[in-house]
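Heads up, the thing below is written out as C-alpha cells.
The values are calculated or read from the model by the stated rules, or taken from the named source; none is laboratory data. Note that the structure is predicted; figures quoted are calculated from it, not measured. When we count neighbours, we look across all protein chains shown, and the Cβ atoms used for this are built from the backbone with ideal geometry, even at glycine. Each accessible area value is taken on the protein alone, full model and side chains, heavy atoms only, with ligands, DNA and RNA left out. Shrake-Rupley method; radii C 1.70, N 1.55, O 1.52, S 1.80 Å.
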Amino acid sequence: MSERTRSQYESHVRRFRQWQGTLRTDVDEGAGEGPISVADLVDYLQHEAARINRNGDWAVSASTARGWVDAIDHLHRTRGWPPPGTSEVVQRILRGLAAEREPREQLRHPVMLEDLRTILRTCLADGDRAQLRDWRDAAILSSAWLSGLSAKNLGELRCADVITTGEGMALRVPSREGSTKGARVVALLPRSVSSASCAACLISRWIHLLQPREPICHQLEARVPLTEGHFCNGAALQSEVDFGALFRVIRGNRITAHALSDDAIRKVFSHRAHQATLSEAGLAFGSLRLGFIAEAVKAGTTRAEIIAQIGDSPSAVYTRFHREFKLPAFKLDL
C-alpha cells in the first residue's frame, strides 16, 4: 500500500470517529478505539449519503462512500477484527449509491490530452502578450488535469502550498472529500515533455506574476518572460512563501487578494472549453480528471499507478475506458 493510500485510509477512519463522537451521543466511553459495528457503519453511510451541497447535488459520491468502507475494513483486518463492510446490508447501500450516483460521471466526456493542449493554446494564443486571466486559467486547467484535484481543492491552494522539485512541482492540498479537515496530502505535477502544456511551468509563470516586487507585478505591463525551455526549474520562483491564495479573482487589470471559489473555477473550465470550440455536451470540470484516467488507461498504466497520481475513482470508470479502447480485461484489484 502506498503512503498516500495509507494516509487517506487513516483520514477516513478519523472522520468516522469524529462523527461517532459528535453525532452519536449514545456511544460508550472508550468505544472510539474499538471495532466498528455494522449498525454504526450503516448509520454513518445513511447519514452522510443524505447530505446535499449548496449546488443541490449529492455531497457524497458513491466512490467516496466506498473509500470510507475500504478504510474501515482495512483497519479491522490489520487488527484481526471482522470487517463490517463485507456485510450484505453495507454492500447493498454501496450498490444503491453506485446505481444512483455514478451514471452521471460515466456519461461525461473526458478531456483528452489533445483537447487539453487545444484549450491551453487558445488561452495563450497571444504569446507574451497574454492577459493575466489567460495565464491564471492555463495554470488552473493544466494542474487540474494532471493532479485530478477538484475545483474546491484548487480554490483552497495558497502560494505556500507550492513545492518545487527536481522533477517538476508538488502541491500540498487538503485531503480529498471525506477525510479529516486539516489533513494534507501532496499532489505531484511531474514536468511534461512540452513546456507549453507543462502544469509546473504554467503555475511557475503564474506565481511569477503574483510575487511581490517593484514595479508591482499585479499590473498588466508586468509580462511573464517567455523562455525556450522549461520555466519550472525554480530559478525565477519563490516557492513555499505564503503571499496569499494561489488562484485569485482578477478585476479589470488587477489581481485581487481574494481566492477563486470552486464555482468560479468550474466556470473557468466552461468558458475555456467553449472558447476552444470543444463540444460542451457531456463536459464538466470532472472531465479533466476523466481525461487523465482515459489517457493513462490507454497507455497501459495500472490502476494502482493512477491512484498514486490522482486518487481513486469508481471501478466502472476504468472498465469503461478499457472497453472503449478495446484493451484486455482490466484487473480491478490493486
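Within the range 122-159, being among the charged types (D, E, K, R) and either within 22 Å of residue 277 (Cα to Cα) or in a helix (DSSP H, G or I) (or both) holds for 126, 128, 129, 133, 134, 136, 137, 152, 156. Answer yes or no as to whether residue 222 is at pLDDT below 90 and under 22 Å from the mean Cα position of the chain (by Cα). Criteria not met by residue 222.
Any residue in the range 52-61 that is touching a helix residue (DSSP H, G or I) at 6+ places or on another chain (Cβ under 7 Å) and more than 30 Å from residue 278 (Cβ to Cβ)? The answer is no; no qualifying residue exists. Flag: residue 282 does not match the condition of being more than 20 Å from the chain's Cα centre (by Cα), assigned to a loop (DSSP other than H, G, I, E, B) and under 29 Å from residue 65 (Cα atoms). Among the residues examined, residue 290 does not qualify as touching a residue at least 12 places away in the same chain (Cβ under 8 Å), in contact with a helix residue (DSSP H, G or I) (Cβ under 8 Å, 6 or more places away or on another chain) and assigned to a loop (DSSP other than H, G, I, E, B). Summed over the range 184-208, residues that are under 21 Å from residue 132 (Cα atoms), aliphatic (A, V, I, L, M) and at pLDDT below 85 total 1.
Every residue, every condition in (1) of a type in the set (D, E, K, R); (2) loosely packed, with under 15 Cβ neighbours inside 10 Å, yes or no:
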| residue | (1), (2) |
| --- | --- |
| 262 | yes, no |
| 268 | no, no |
| 274 | no, yes |
| 279 | no, yes |
| 286 | no, no |
| 291 | no, no |
| 303 | yes, no |
| 309 | no, no |
| 321 | no, no |
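The residue that is most open to solvent (accessible area, probe 1.4 Å), among those in the range 13-59 that are modelled with pLDDT of 75 or more, more than 24 Å from the chain's Cα centre (by Cα) and of a type in the set (Val, Ile, Thr), is 38. Set side by side, the residues 117, 66, 121 differ, and just one is under 30 Å from residue 9 (Cβ atoms), among the basic types (Lys, Arg) and either open to solvent by 70 Å² or more (accessible area, probe 1.4 Å) or touching a helix residue (DSSP H, G or I) at 6+ places or on another chain (Cβ under 6 Å) (or both), which is 66.
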